[in-house]
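Q: Questions regarding the structure given below will be posed in turn.
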Amino acid sequence: MAPNLVLVGFMGCGKSSVGRRLASLTGLQYIDSDDLIAQAEGCTIAEIFARAGEESFRETEHRTLAALCGTQKIILATGGGAILRADNRDILRQIGVVGWLDAEPDHLFERASRSGRRPLLQVENPRAAFDHLLANRRHLYEQVADFRLDTTSLDHDAAAQAFLDEALRHAERFEC
Ligand code: S3P
């Protein structure tokens, strides 16, 4: 059976767009952990941050990821901070082949700040907050990922195809 595919990466790297295209390419079901959290809580991620704070969001995020263990035939797009907890990183590696979507910081920032809906960037100096988070997280993406894909010069279709090619090269982790 083909392994699940898990997309990790910083805000703005294109996890959702590339994930949806991967679902079309493979026929696997697309799941976005932030969407599951928002549905379960009945409000947006920004509202969860505003009402209950980041810690509470991280707990829900952890429970949501843990509940996906054992699910088959999925493409899972994760929130940018899902890799912060070591137990989440273990869970993601159990769920499937993990690919890190990366890009040049300017490119990521431009995309991440475009929507205005990301709570961690709703601060006085969003670029400073972005740079700080990115510097603290890069090694965690590297740690959890089976491979890294630089999407700076790729459109979403090309990124999805390149992701799939790389993921298949790393699928032996799931062969018994
Ligand atoms: C977060 C990224 C967001 C969302 C939440 C926290 C983060 O997801 O989970 O706002 O800590 O980087 P995206 O990466 O899809 O923006």
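The values are calculated or read from the model by the stated rules, or taken from the named source; none is laboratory data. All of these numbers come straight from a predicted model, not from anything done at the bench. Neighbour counts are summed over all protein chains in view; Cβ atoms, including those assigned to glycine, are modelled from backbone coordinates with ideal geometry.
Q: Kindly indicate the residue of segment 1-38 that is among the basic types (Lys, Arg) and out of contact with any helix residue (DSSP H, G or I) (no Cβ under 8 Å at 6 or more places or on another chain) and also farthest from Ser153 (Cα to Cα) among those meeting that condition.
A: This residue is Arg20.
Q: In segment 88-111, what count of residues is obtained for those that are more than 16 Å from the ligand (Cβ to nearest atom), over 17 Å from Leu5 (Cβ atoms) and in contact (Cβ under 8 Å) with a residue 24 or more places away in the chain?
A: Of the residues in that region, 1 qualify.
Q: From Ala82, Ala162, Ala158, which residue is surrounded by fewer than 16 Cβ atoms within 10 Å (Cβ to Cβ) and modelled with pLDDT of 95 or more?
A: Of Ala82, Ala162, Ala158, the one residue that is surrounded by fewer than 16 Cβ atoms within 10 Å (Cβ to Cβ) and modelled with pLDDT of 95 or more is Ala158.
Q: Let me ask you something else. Residue check, Gln72 against (1) within 12 Å of the ligand (Cβ to nearest atom); (2) over 15 Å from the mean Cα position of the chain (by Cα), all met but one. Which one?
A: (1)
Q: Evaluate the following for Val97: is it at pLDDT 95 or above, farther than 22 Å from Ser24 by Cβ and of a type in the set (Val, Ile, Thr)?
A: Considered against the rule, which asks whether it is at pLDDT 95 or above, farther than 22 Å from Ser24 by Cβ and of a type in the set (Val, Ile, Thr), Val97 comes out as no.
Q: Could you please find all residues in segment 65-79 being in contact with a Ser or Thr (Cβ under 9 Å, 6 or more places away or on another chain) and surrounded by fewer than 19 Cβ atoms within 10 Å (Cβ to Cβ)? Talk me through it step by step, then tell me what you get.
A: Of segment 65-79, the ones in contact with a Ser or Thr (Cβ under 9 Å, 6 or more places away or on another chain) are 65, 68, 73, 75-79.
If the condition is that a residue be in contact with a Ser or Thr (Cβ under 9 Å, 6 or more places away or on another chain) and surrounded by fewer than 19 Cβ atoms within 10 Å (Cβ to Cβ), then Lys73 is the only one that fits.
Q: Got a sec? Which of Asp102, Asp34 is at pLDDT 95 or above, surrounded by 17 or more Cβ atoms within 10 Å (Cβ to Cβ), over 21 Å from Ala162 (Cβ atoms) and under 13 Å from the mean Cα position of the chain (by Cα)?
A: Just one listed residue meets the conditions, Asp34.
Q: Same structure, new question: Which of the numbered conditions does Asp146 fail, given that it passes all the others? Conditions: (1) within 16 Å of the ligand (Cβ to nearest atom); (2) of a type in the set (D, E, K, R); (3) in contact with a strand residue (DSSP E or B) (Cβ under 8 Å, 6 or more places away or on another chain).
A: (1)
Q: Any idea which residue in segment 1-30 is nearest to the chain's Cα centre (by Cα), counting only those that are more than 13 Å from the ligand (Cβ to nearest atom) and of a type in the set (A, V, I, L, M, F, W, C)?
A: Val6
Q: Would you check if Leu121 is surrounded by 17 or more Cβ atoms within 10 Å (Cβ to Cβ), under 15 Å from Leu133 (Cβ atoms) and either modelled with pLDDT under 95 or more than 13 Å from the chain's Cα centre (by Cα) (or both)? Talk me through it step by step, then tell me what you get.
A: Working: surrounded by 17 or more Cβ atoms within 10 Å (Cβ to Cβ): yes; under 15 Å from Leu133 (Cβ atoms): yes; either modelled with pLDDT under 95 or more than 13 Å from the chain's Cα centre (by Cα) (or both): yes.
Yes; evaluated as a whole, the condition is true for this residue.
Q: From Arg148, Arg169, Arg117, which residue is within 24 Å of Thr44 (Cα to Cα) and among the charged types (D, E, K, R)?
A: Answer to the selection: Arg117.
Q: With respect to Ala52, is the statement that it is among the aliphatic types (A, V, I, L, M) and exposed (fewer than 15 other Cβ atoms within 10 Å of the Cβ) true?
A: Answer is yes for this residue.
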